[in-house]
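Everything below concerns the one structure shown next.
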Amino acid sequence: MRSNKTLKSVAAGENAFVVAVAAGFRARTRLESLGIIPGVEVDVLANSRGPMLVSVGEGRVMVERGIAEKVLVA
């Protein structure tokens, strides 16, 4: 299953499942430390200017827009 939709394109108030992370080692490591890994569900709380605010599990994290563009979701 291939997805062209990225986390950056998910509107505030919507949720998505992480399918894959198409990023280099540093970005992947950063996302893993935030809990954003394939198979996890994320809820987008804010997606306007600047970093995105997403809910992962019980936590809320900020994700830079450039990195959010590398997270493929369904």
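So what's the back-of-envelope 222 nm ellipticity for the chain, counting only DSSP H runs of four-plus at -39500 (n - 2.57) apiece and dividing by all residues, rounded to 500?
Rounded to the nearest 500, the figure is -4500 deg cm²/dmol.
In whole Å, what are the extents of the chain along the principal axes defined by its C-alpha atoms, from largest to smallest?
Here the spans come out as 25, 24, 23 Å, largest first.
Read-outs: derived from the displayed coordinates by stated rules, not from any lab. Nothing here was measured: the structure is a model prediction, and the numbers come from that model.
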